[in-house]
Structure formats: C-alpha cells, structure tokens
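Report on the structure given below.
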Amino acid sequence: MEVAALIARALKLKIEATGSTAFSDDFDIPAWAKPYVQADVQQGLLQGRDNNRFMPNENTTRAEAATIILSVKKAIRQ
C-alpha cells in the first residue's frame, strides 16, 4: 500500500477517487490507498499476485521490488 502511494506521488500520477479496485481482496486495501493502487495498475506499474489478489498486508518481496523499480524506471524514460 505504501509502495503504491510512493510510486504514484513520485511520478505525479493523476489520482482519482475510487471506491474499489479490481482485486479480489479489495476489502483488505484501505480506502486511502485504493486511488494510488488503481493509478499504478492503470499505468502498468503494479500488478497483483496470484488469483487476482493484491495482498496489501504482506511484505513486498525482493523480486517484486525489482520489478517495480524497473517499471518505474521505464515510466520515467517515457
């Protein structure tokens, strides 16, 4: 969740109020984080885990962090 907000703010993405995300565990994502998660997903910067879950209460793995960094780097270049 914090990573989603950090990315969206750093890239100055347009944040729109949203009531939900497309993730099956949307109910676990706090309301304050949903607009950031949605903005990052729409830009292709974040994607869910298995079974269309975001798993907001889990730690980001090293592999996920590396993927996120590469996605952000690519977005900055565009």
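The values are calculated or read from the model by the stated rules, or taken from the named source; none is laboratory data. Because the structure is a prediction, the values reported are computed rather than measured. Cβ coordinates were reconstructed from backbone atoms using ideal geometry, including for glycine residues, and neighbour counts include every protein chain displayed.
Out of region 19-70, which residues are at positive phi, surrounded by fewer than 11 Cβ atoms within 10 Å (Cβ to Cβ) and part of a helix (DSSP H, G or I)?
Narrowing region 19-70 to residues at positive phi: 44, 51-52, 55.
Applying the additional criterion that residues be surrounded by fewer than 11 Cβ atoms within 10 Å (Cβ to Cβ) yields 44, 51.
Of everything in region 19-70, just one residue is at positive phi, surrounded by fewer than 11 Cβ atoms within 10 Å (Cβ to Cβ) and part of a helix (DSSP H, G or I), namely Asn51.
If you go through region 28-77 and keep only what is touching a residue at least 60 places away in the same chain (Cβ under 8 Å) and under 17 Å from Ile15 (Cα atoms), you end up with Val72, Ala75.
Name the one entry in Ala39, Ala10 that is at pLDDT 95 or above and either out of contact with any helix residue (DSSP H, G or I) (no Cβ under 8 Å at 6 or more places or on another chain) or of a type in the set (A, V, I, L, M) (or both).
Details: Ala10 fails: at pLDDT 95 or above.
Of Ala39, Ala10, the one residue that is at pLDDT 95 or above and either out of contact with any helix residue (DSSP H, G or I) (no Cβ under 8 Å at 6 or more places or on another chain) or of a type in the set (A, V, I, L, M) (or both) is Ala39.
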